[in-house]
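Just so it is clear, none of the values below were taken in a lab; they were calculated from the coordinates. Just so we're clear, the structure is a prediction, and the values are computed from it rather than from any experiment. Note: ideal-geometry Cβ built from the backbone for every residue, glycine included; neighbour counts use all protein chains shown.
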Amino acid sequence: MRLVLVGTSHHHAPVELRERVALDREQASALAARLAEGGCEAVCLSTCNRTELYVACADPEAAERAAVAALAELEPEVEEALYRLRDQAAGLHLFRVAAGLDSLVPGEGEILGQVRGAYEAGTTGPLLDRLFRQALHAGRKVRAQTAIAESPASVSAAAAALAEQVFGDLDGASILLVGAGKISEQAARNLVSRRARIAFVANRTTDRAAELAGAFGAEPLPLERIGEELVHADLVISSTGAPGFVLDAATVAEAMGKRRGRRLLLVDLAVPRDVDPAVNDLDGCYVYDIDDLQAIVAETLVGRRREAERAESMVAAEAAKFHEWHASLDVVPAIASLRARAEEIREAELRKADALLGRLDESQRRAVESITAQIVNKLLHLPTVRMKQAAAAADGVVYAEAVRHLFGLGEDER
Amino acid sequence: MAELLFWPALLLYGEAAVGYLGEARHPGTAGRAATWGVRLGWLAQTALLAVQAERNDGFPWSTWAGSLNLFVWLVVSAYLIWGCRRSFRLLGLAVMPFAAVLLAVARAGGGIAAAGSRSPYSSAFLVLHVGLVLAAFAGFTLAAALSALYLWQERRLKRREATILRRPAPSLAALDGLAARTVWISLPALTLGIGVGLVRLVTDGDRVDALVAATVVTWIVWAAYLVLRSLRGWTGRRAAYLALAGFVLVVLVRLALPASHFA
């Protein structure tokens with residue numbers, strides 16, 4: 001069985017092209033089943049950043065043609081943006097994908113689940129089963145043993161991580177959303193996913209405030225009342241289109257006086273800024289604007305790339321293990337034939353000596369059986385190991401042929 | 001035997017102090033090595049104290065230097081409760097250099113070989129008085145270390161450092177809450193320790209010395225920490241500064257004044 005990969009990704013195709021070959025789970029499953037017809041195995045991995053077909057087949061040329069045709073059927077233009085990889089290179093590619101090393105943001109966590117989903121929906125056999133299980137294992141290992149996925153990769157994730165630096169567990173933390181735009185909504189959703197609670201939504205137009213507040217089970221507020229509710233909030237996320245400050249230092253200072261030392265984090269995502277920078281000088285107040293958050297994200301991405309270098313060597317080692325196993329498949333039939341031939345000779349010789357051995361008692365006969373079996377095993381141990389090593393070094397087929405020739409394996413059948 | 005156990009303990013505490021310094025610059029291996037240094041050093045010092053206790057017929061830490069040895073062990077024990085967690089590793093930077101230096105001072109003062117000298121006081125009194133006061137001071141030391149870490153972390157947040165998320169550190173809320181909880185446990189121990197000492201003072205008709213007076217002032221500062229926190233909302237930065245002021249008094253009581261008291 002040979003491994004073939006045909007696909008395209010964000011490195012090779014713009015989104016307008018990728019979206020035309022993107023498949024949902026059912027479509028991906030159906031395509032994999034179609035490519036696996038005739039004794040092959042196939043998995044289709046389709047995400048917003050890539051569509052890749054992994055096919056294991058005895059005839060790699062035919063498998064590659066079928067995979068290219070399947071993608072070209074979805075969008076003929078994609079053919080020029082396709083990459084085609086075989087065996088070791090194809091395996092290493094999947095390992096890198098699963099570890100998040102081929103992602104737009106190195107180490108992003110979603111891809112591991114997407115690879116698992118594709119594997120579950122695929123038509124797999126011994127080769128792709130092993131490939132995908134090992135790739136998933138490598139992906140988990142990279143995330144556990146490096147810090148590649150620890151830091152936030154977006155402004156909203158950075159805001160949530162900062163909130164955790166101030167408050168620790170965000171369970172039940174109360175959020176005041178000022179401005180009901182998309183950006184603040186996104187940041188709020190990230191915080192809600194960490195079990196924070198949107199308590200108030202303040203906006204210049206009360207309709208939009210009520211709509212967003214309804215979605216989060218919060219209370220809508222007119223902008224004029226945010227000073228009052230500052231007393232109760234732990235976190236303020238602001239992104240209005242107001243030309244001046246919506247929250248000045250005096251308003252926040254007044255609220256802080258009533259908070260009995262409780263900390264307040266203000267995340268200002270608006271340009272021009274909504275929160276007076278002087279608020280940061282107040283005791284217990286921490287103000288972050290969009291530039292601060294972007295600087296944090298840029299810094300963490302540098303950190304991720306540094307960790308990605310460490311992850312590459314881990315992934316390469318895991319991929320090498322798979323390659324070793326895959327290559328050993330070339331010599332397994334030769335090894336099996338050799339061992340069968342040796343066993344056949346051993347048994348035949350014992351039968352010949354049956355008249356002599358007949359005089360031995362049961363335990364003596366068992367000892368002779370055991371000794372002869374051990375001699376055969378010891379003789380074959382080194383050739384077996386060497387053949388597997390040769391297989392990993394790409395000489396496996398040559399060695400297997402030599403062994404077949406030297407021991408006359410398969411000649412009886414001819 | 002005591003000497004044989006002292007040196008590994010000191011070296012391992014020293015290794016931990018250096019390791020935590022490395023952790024502050026590049027989080028990872030250095031921090032793990034430091035944590036193991038603390039664990040193994042603590043085991044060595046525990047064995048050292050066990051040898052001292054076994055060699056003596058009573059409470060063997062009634063001298064100034066001997067009590068310093070016990071104090072270091074209590075500080076490291078308290079630190080080990082949280083210090084092994086990854087996010088609290090930087091706390092070791094405040095605790096372990098201090099512990100290593102004090103252990104060396106304890107040896108220089110004869111606190112390692114001091115076992116064997118008999119105290120005129122009963123073991124029960126010494127355990128209650130010296131043991132409780134030292135345990136409370138160890139708690140205050142940890143609270144001060146947590147407060148120092150709070151101020152460092154708060155400063156980084158205030159300065160909006162882009163690297164803020166690079167080094168794992170506990171949240172401000174966790175540091176503040178843990179410091180307060182540590183004081184809540186330590187202050188009753190100090191109260192009881194002082195109480196036992198005062199009873200003995202009155203019974204023996206002795207006079208209040210500078211150490212007793214300073215210990216009472218220390219008690220007042222830490223009591224004020226809890227009262228102001230509960231009644232006036234003094235949390236965060238103000239509480240951290242107050243804890244550091246209390247710690248200065250702990251250092252004064254432990255290192256500067258005890259000569260006359262132990263004499």
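Averaged over the residues of B:149-156, the number of partner chain Cβ atoms lying within 10 Å of the residue Cβ comes to 1.
Between amide H atoms placed 1.01 Å from N, distances below 5 Å from A:H232 occur with no residue 5 or more places distant or on a separate chain.
Between helix A:110-121 and chain A there is an angle of about 40 degrees, using the helix long axis and the longest principal axis of the Cα atoms. Using the Karplus relation 6.51 cos²θ - 1.76 cosθ + 1.60 with θ = phi - 60°, the per-residue 3J(HN,Hα) values for the range A:242-251 come to 5, x, x, 5, 8, 10, 9, 4, 5, 4 Hz, with x marking Gly and Pro. The Cα-based radius of gyration and maximum Cα-Cα distance (Dmax) for chain B are 18.7, 62 Å. Could you give the angle, 0 to 90 degrees to the nearest 10, between helix A:126-145's Cα long axis and the longest principal axis of the Cα atoms of chain A? Long axis of A:126-145 versus the principal axis of chain A: about 40 degrees. Counting Cβ atoms of other protein chains within 10 Å of each residue's Cβ and taking the mean over peptide B:158-171 gives 6.
Quick one: what do you get for the range B:120-263 if you divide its Cα Rg by 2.2 N^0.38 Å? Expressed relative to 2.2 N^0.38 Å, the Cα Rg reads 1.20.
Positive-end ranking of B:A214, A:V43, A:N203 along the dipole of the protein assembly as shown, with charges on Cβ about the Cα centre, is headed by B:A214.
With a 10 Å cut-off between alpha carbons and a GNM built on chain A, which of A:A342, A:A180, A:A400 moves the most? Fluctuation is largest for A:A342. Net charge in the neighbourhood of A:V15 (other residues with Cβ under 14 Å of its Cβ; Lys, Arg +1, Asp, Glu -1) is -1. The helix-only estimate of mean residue ellipticity at 222 nm for the protein assembly as shown, built from DSSP H runs of length n ≥ 4 each weighted as -39500 (n - 2.57), is -21500 deg cm²/dmol after division by the residue total.
For the range A:143-199, applying the loop criterion from DSSP together with a ceiling of 16 other beta carbons within 10 Å to the trypsin sites (Lys or Arg not before Pro) yields A:R194, A:R195. Computed over the range A:1-67, the Cα gyration tensor eigenvalues convert (square root of 5λ each) into semi-axes of 22, 13, 8 Å, ordered from largest to smallest. The alpha-carbon atoms of the range B:1-119, seen along their principal axes, cover 48, 23, 21 angstrom, with the largest extent given first.
Largest GNM mean-square fluctuation among A:D361, A:D292, A:D248, using chain A with Cα springs under 10 Å: A:D361. Have a look at the DSSP beta bridges in the protein assembly as shown and tell me what percent are antiparallel, nearest 5. Here the antiparallel bridges make up roughly 45 percent for the protein assembly as shown. Each residue of the range A:162-170 was assigned a 3J(HN,Hα) from its phi angle through the Karplus expression (A = 6.51, B = -1.76, C = 1.60, θ = phi - 60°), giving 5, 4, 5, 5, 8, 9, x, 5, 8 Hz with x at Gly and Pro. Peptides B:19-30, B:62-73 ranked from most to least packed give B:62-73, B:19-30, packing being the mean of other C-beta atoms within 10 angstrom over each peptide's residues.
Look at the alpha carbon pairs under 8 Å that are at least 6 residues apart: their mean separation over the length of chain A gives a relative contact order of 13 percent. Full extension of the segment from A:K182 to A:V398, taken as 0.36 nm per residue of separation minus the current Cα-Cα distance, would add 71.5 nm. Annotation: peptides A:10-18, B:214-222, B:191-199, ranked by per-residue average of other Cβ atoms within 10 Å with the highest first, follow the order B:214-222, B:191-199, A:10-18. Please state the relative contact order of chain B as a whole percent: Cα pairs under 8 Å, 6+ residues apart? Relative CO of chain B lands at 20 percent. What relative contact order, as a whole-number percentage, does the range B:149-263 give when Cα pairs under 8 Å and 6 or more residues apart are counted? Relative contact order for the range B:149-263 comes out at 31 percent. Counting each pair of different Cα atoms once, what's the Kirkwood radius of the range A:2-150 in Å, rounded to one decimal? About 15.0 Å for the range A:2-150.
Would the range A:272-414 count as rounded, prolate or oblate if I go by the C-alpha gyration tensor, calling it rounded below 1.5 in a/c and otherwise prolate when a/b exceeds b/c, oblate otherwise?
prolate
Per-residue 3J(HN,Hα) values for the range B:222-227, derived from phi via the Karplus relation 6.51 cos²θ - 1.76 cosθ + 1.60 with θ = phi - 60°, read 6, 5, 4, 4, 6, 5 Hz in sequence order (x marks Gly and Pro). A quarter of the convex hull surface defined by the alpha-carbon atoms of the protein assembly as shown gives 45.6 nm² as the mean projection. Remark: mean inter-chain Cβ contacts per residue of A:163-170 equal 5, using a 10 Å Cβ-Cβ cutoff to other protein chain atoms.
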